[in-house]
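**Q** The structure's right below; bear with me while I get my questions together.
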Amino acid sequence: MVDFEQARRTMVDSQLRTNSVTDRRILAAMARVPREIFVLQARQAVAYIDESHAFGPTAPGRFLPAPTPFAKLVQLAGIEAGDRILDVGAATGYSTAVLAALGSEVLGIEREASLVRLAETNLASLGVTNARVVEGSHEHPPKGRFDVIILEGAVGQVPQAFFDCLDEDGRLVALLQSGVTAVAHLFVKTGKAVTSRAEFNANLPPLEAASAQDTFVF
């Protein structure tokens, strides 16, 4: 039988710390949230390997992000305790549960209704009260304003609508895919302007086919 508590400690010490994840709050949250309940039962024994986990034909194209690129994206966002966070591509709620330990409120959106139901069950089982997951498009944000937006997967471009719903000094992090290379970018909104900088290479499956219209050009 797998010792999941030990697996979490190993993930933190051998995967996250060795890949420049230094934010103690992120390390503590990922050492606490039971990743094994968010994957398919057949994958629970390997829930903590540094790979993304697909959800199979019932949710085609959907996945749970690998621990290291996920943690590095979250760290890049610089989340503060009072931040309202939008988690795009929440899947079964693992990312939402981790983010709930960092900010004041988290809204996860997920396009697959079956995964939304699992996410809500998972969050309830963990007693998470400041986060929820709803069904929605990964290309169009829900109504509201957010301090932080995290795209849980690689995209070709970030739709302008996501920048429009960022608050002043809001941050958006995304993996921008160009060919076989994906680079994590941090976008910061000041007034009506959005600046960006490239930070590190990473690898996650595509979030969604990006729209060719209404995209931010930098």
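**Q** Going residue by residue through segment 187-197, is there one that turns out to be touching an Asp or Glu at 6+ places or on another chain (Cβ under 9 Å) and in a loop (DSSP other than H, G, I, E, B)?
**A** Yes; the residues of segment 187-197 include at least one that is touching an Asp or Glu at 6+ places or on another chain (Cβ under 9 Å) and in a loop (DSSP other than H, G, I, E, B).
**Q** Could you list all residues from segment 1-35 that are touching a residue at least 24 places away in the same chain (Cβ under 8 Å) and among the β-branched types (Val, Ile, Thr)?
**A** Within segment 1-35, VAL2, THR10, VAL21, THR22, ILE26, VAL33 qualify.
**Q** Sticking with this one: Cβ-Cβ under 8 Å, sequence separation 6+ or interchain: first residue in segment 162-174 and over 12 Å from LEU186 (Cβ atoms), partner modelled with pLDDT under 95 and aromatic (Phe, Trp, Tyr). Which pairs?
**A** Pairs found: PHE163/PHE216.
**Q** Moving to a separate point now. Give the residue, chosen from PHE63, PHE38, PHE70, PHE55, that is more than 22 Å from VAL148 (Cβ to Cβ) and in contact (Cβ under 8 Å) with a residue 12 or more places away in the chain.
**A** Residue meeting the stated conditions: PHE55.
**Q** Would you check which residues across segment 77-121 are closer than 23 Å to GLY61 by Cα and more than 13 Å from the chain's Cα centre (by Cα) and list them?
**A** ARG111, GLU112, ALA113, SER114, LEU115, VAL116, ARG117, LEU118, ALA119, GLU120, THR121
The values are calculated or read from the model by the stated rules, or taken from the named source; none is laboratory data. Given the structure is predicted, the values throughout are model-derived calculations rather than measurements. Every residue, glycine among them, receives a Cβ derived from its backbone with ideal geometry; neighbour counts consider all protein chains shown.
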